[in-house]
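Below is one structure; the comments refer to it alone.
The values are calculated or read from the model by the stated rules, or taken from the named source; none is laboratory data. These figures come from a predicted structure and were not determined experimentally. Please note: Cβ atoms are built from the backbone with ideal geometry, for glycine as well, and neighbour counts cover all protein chains shown. The protein model used for the area step is the full one, side chains on, heavy atoms only, and it has no ligands, DNA or RNA in it. Shrake-Rupley method; radii C 1.70, N 1.55, O 1.52, S 1.80 Å.
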Amino acid sequence: QVQLVESGGGLVQAGGSLRLSCAASSRYKLGWFRQAPGKERDFVAAISWDGSRTYYTNSVKGRFAISRDNAKNTVYLQMNSLKPEDTAVYYCAADKSNRLTLATMAVQYDDWGQGTQVTVSS
């Protein structure tokens with residue numbers, strides 16, 4: 001099982017920025033998801049194991065950036081121009097499959113972190 005530990009969440013005003021980190025025990029394709037109260041866990045972004053490919057959900061394109069530093073076994077989610085609707089618990093997850101494509105559904109991911117809360121005030 002891949003150990004994943006998220007950090008970097010917090011409270012920020014609308015228009016502000018946060019950078020989330022996900023420390024992973026192994027090197028796999030990783031994704032970020034978010035879950036607001038009473039809602040399903042939604043895909044945010046994903047990155048290939050070497051960082052050469054990324055994919056974003058439409059609502060965060062141009063505002064969020066996913067990256068990774070494999071020397072540190074860490075994946076980042078830089079979030080800019082935050083909006084109140086970005087408020088959620090953010091999770092990172094590992095896709096251990098051999099798929100070349102980046103997965104966007106939660107069921108396609110094998111291991112999950114504990115999540116970090118992001119709250120954006122208006």
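Count charges around residue 59 for me, please; just the other residues with Cβ under 11 Å from its Cβ, Lys/Arg as +1, Asp/Glu as -1.
The answer is +1.
Test of understanding: in a Gaussian network model of the chain with alpha carbons linked when under 10 Å, which of 61, 83, 96 would top the mean-square fluctuation ranking?
Looking only at 61, 83, 96, the largest GNM fluctuation is found for 61.
For residue 96, list the aspartates and glutamates whose Cα falls under 12 Å from its own Cα; do not include residues on the same chain fewer than 8 positions away.
Within the straight-line cut-off, residue 96 pairs with 110, 111.
Could you work out the local net charge near residue 2, counting Lys and Arg as +1, Asp and Glu as -1, over the other residues with Cβ closer than 12 Å to its Cβ?
Within the 12 Å Cβ shell, the charges total 0.
Considering only 62, 15, 38, give the residue with the highest GNM mean-square fluctuation for the chain, with springs between Cα atoms whenever their separation is below 10 Å.
38
So if R0 is 30 Å, what FRET efficiency would residue 49 and residue 122 give, r being the distance between their Cβ atoms, rounded to the nearest 0.05?
0.20
Among 89, 66, 52, pick out the residue whose Cα is farthest towards the positive end of the charge dipole of the chain, where Lys and Arg carry +1 and Asp and Glu carry -1 on C-beta, about the Cα centre.
Of 89, 66, 52, it is 52.
If you roll a 1.4 Å probe over the heavy atoms of the protein chains, what accessible area per residue do you get for the chain, in Å²?
Spelled out: the 1.4 Å probe surface of the chain, per residue, equals 51 Å².
Given 0.36 nm per residue, what is the gain on full extension from residue 39 to residue 63 after removing their alpha carbon distance, in nm?
6.4 nm
Looking only at Cα atoms, what is the convex hull volume of the chain per residue, in Å³?
For the chain, the hull spanned by Cα atoms encloses 93 Å³ per residue.
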